[in-house]
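In what follows, a structure is listed as structure tokens, so that the remarks can point back to it.
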Amino acid sequence: MSEFERLVTELESLPEDARESARALLEETLALHRQGLSRLLELGGAALREAAVRDALVSALLALHDLHPLSVEERARAALEQVRAELLASGASVELLSATNGLLRARVRGRGAEDARGMLTDLLWGAAPDAAGVEIEAIGPVLQLRVNP
Amino acid sequence: MNGVAALRRFARETRPRSSERCELCGAPLGAGHEHLADPAEHALKCACAACAVLFADSRTRFVRVEPRALLLEDFVLTDAQWELLRLPVNLAFFMRTGRGVFAFYPSPAGTADAQVPAALWEAIARQNDLRLRPGLEALLVHRMGHAPEHYLVSVDHCYRLTGLLRRTWRGFSGGEEAYRRVARFFDELRGDAHA
């Protein structure tokens, strides 16, 4: 997955003409795949959709094409449920604050909150790569704030 | 951000919101990573621990940012002085640059800046014994809906606040969502004074 990010960064640093050609090619390719996937989902019916949602890779692929049957919010909630128990055991709690306009905002509170932030960011991007953004608020000893003498 | 999200962004021509890699060596970054300020360019780079030490120690233009926020309880900035600054909103941070001191504040078109008259700034700085390290520290003034608060903050907090404002500030007054987010930003800043 990180190879994608590297290549995208590389493409973004190209001169505008080259970047636009790359973007146009990608758009066309994605549009073709979207049509095919969409058809596949119709042909496979409910059983295929349910199985697809449970598979992380297929799920990500559907999200890439705006074809995921579950909303960004539903997927975010499900993903947080999976780590809730583990976080609680280490003394932290997590909640989804909002998912307005696809912007996922979650709060982790308690021991190790700051450390959990990166994990939760990756988790939510993984579950919802079609999110508009992911913001994790960590409430713990975030800053060293000293009061003026 | 992950690969699929990056691909989506690129295909839709919106740049990723944040870098999650060291901007010097490309190593992946965790949540609590370091920052290097580039005071001459007014830039802040996300850095891994190794680069933060290496680049700040050698003779480069980078300076390592030590995150800090100091509540200036006795800071004096009178209403009259605030009026003289002629800022349209009650939230701003002030930074010293090569061309003098500038006020940065939220506006409908993103963060706006305005040069602070040198004499006015000198008066404010002198009465509070305030010396800002250029490009590294800022005076953050919060007068939205309550008694004024003043903080001396490292530049990374300014970038965080700017990002938050860019995402939430609507119109001239900000709107409810921006108010809530700004309030929470300052709750965090204050809360840790008692931690």
- Message: Which residue is farthest from A:ALA99 (Cα to Cα), if the candidates are limited to segment A:67-85 and must be small (Gly, Ala, Ser) and surrounded by 14 or more Cβ atoms within 10 Å (Cβ to Cβ)?
- Response: A:ALA79
- Task: Scan (1) within 14 Å of chain A (Cβ to nearest Cβ); (2) among the charged types (D, E, K, R); (3) under 15 Å from B:VAL153 (Cα atoms) for the single condition B:ARG96 breaks and write down its number.
- Result: (1)
- Query: Out of (1) over 30 Å from A:GLU95 (Cα atoms); (2) touching a Leu at 6+ places or on another chain (Cβ under 8 Å); (3) touching a residue at least 24 places away in the same chain (Cβ under 8 Å), what's the single condition that is false for A:VAL72?
  - Reply: (1)
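Residues that are crowded, with 21+ Cβ neighbours inside 10 Å and in a helix (DSSP H, G or I): does segment B:130-145 have at least one? So that I can check it myself, show each step before the final result.
As a first pass, look at segment B:130-145 and keep what is crowded, with 21+ Cβ neighbours inside 10 Å: B:135, B:137-142.
Of the ones still in play, those that are also in a helix (DSSP H, G or I) are none.
Checked segment B:130-145: no residue is crowded, with 21+ Cβ neighbours inside 10 Å and in a helix (DSSP H, G or I).
May I ask you to verify whether B:ASP187 is surrounded by 15 or more Cβ atoms within 10 Å (Cβ to Cβ) and closer than 24 Å to A:LEU103 by Cβ?
Values: surrounded by 15 or more Cβ atoms within 10 Å (Cβ to Cβ): no; closer than 24 Å to A:LEU103 by Cβ: yes.
So B:ASP187 does not fit the description; no.
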- Considering only segment B:168-180, state which residues are in contact with a strand residue (DSSP E or B) (Cβ under 9 Å, 6 or more places away or on another chain), assigned to a helix (DSSP H, G or I) and surrounded by 15 or more Cβ atoms within 10 Å (Cβ to Cβ). B:THR168, B:ALA178
- Query: In the list A:ARG39, A:ARG19, A:ARG23, which residue meets the criterion of being surrounded by fewer than 11 Cβ atoms within 10 Å (Cβ to Cβ) and either more than 21 Å from the chain's Cα centre (by Cα) or modelled with pLDDT of 85 or more (or both)?
  - Reply: A:ARG39
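To keep it simple, each residue is scored yes or no on (1) facing chain A (nearest Cβ under 10 Å); (2) out of contact with any Pro (no Cβ under 9 Å at 6 or more places or on another chain); (3) under 16 Å from B:TYR105 (Cβ atoms).
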{"site": "B:TYR151", "(1), (2), (3)": "yes, yes, yes"}
{"site": "B:SER154", "(1), (2), (3)": "yes, no, no"}
{"site": "B:CYS158", "(1), (2), (3)": "no, yes, yes"}
{"site": "B:ALA178", "(1), (2), (3)": "no, no, yes"}
{"site": "B:VAL182", "(1), (2), (3)": "no, no, yes"}
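Taking helices (runs of 4 or more DSSP H) that fall entirely within segment A:1-111, which contain at least 3 residues that are among the acidic types (Asp, Glu) and within 30 Å of B:ARG184 (Cα to Cα)? Reasoning before the result, please.
Numbers: elements: A:2-12, A:16-54, A:56-64, A:72-89.
By residue number, A:72-89.
Test A:ALA92 against the stated conditions and say whether it is over 22 Å from B:ALA5 (Cα atoms), within 14 Å of chain B (Cβ to nearest Cβ) and touching a Gly at 6+ places or on another chain (Cβ under 8 Å).
Working: over 22 Å from B:ALA5 (Cα atoms): yes; within 14 Å of chain B (Cβ to nearest Cβ): yes; touching a Gly at 6+ places or on another chain (Cβ under 8 Å): yes.
Yes: the conditions hold for A:ALA92.
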- Query: Can you name the strands (runs of 3 or more DSSP E) wholly within segment B:33-103 that have at least 1 residues being modelled with pLDDT of 85 or more and within 18 Å of B:ALA123 (Cα to Cα)?
  - Reply: B:91-97
- Item | Top-ranked residue in segment A:104-118 [being crowded, with 17+ Cβ neighbours inside 10 Å and at pLDDT 85 or above; ranked as nearest to B:PHE10 (Cα to Cα)] | A:LEU104
- Task: Kindly indicate which of A:LEU97, A:LEU14, A:LEU30, A:LEU64 is in contact with a His (Cβ under 8 Å, 6 or more places away or on another chain), within 14 Å of chain B (Cβ to nearest Cβ) and not β-branched (Val, Ile, Thr).
- Result: A:LEU30
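The values are calculated or read from the model by the stated rules, or taken from the named source; none is laboratory data. Since the model is a prediction, treat every value here as computed from it, not as a measurement. Note that we place each Cβ from the backbone using ideal geometry, even for glycine, and neighbour counts take in every protein chain shown.
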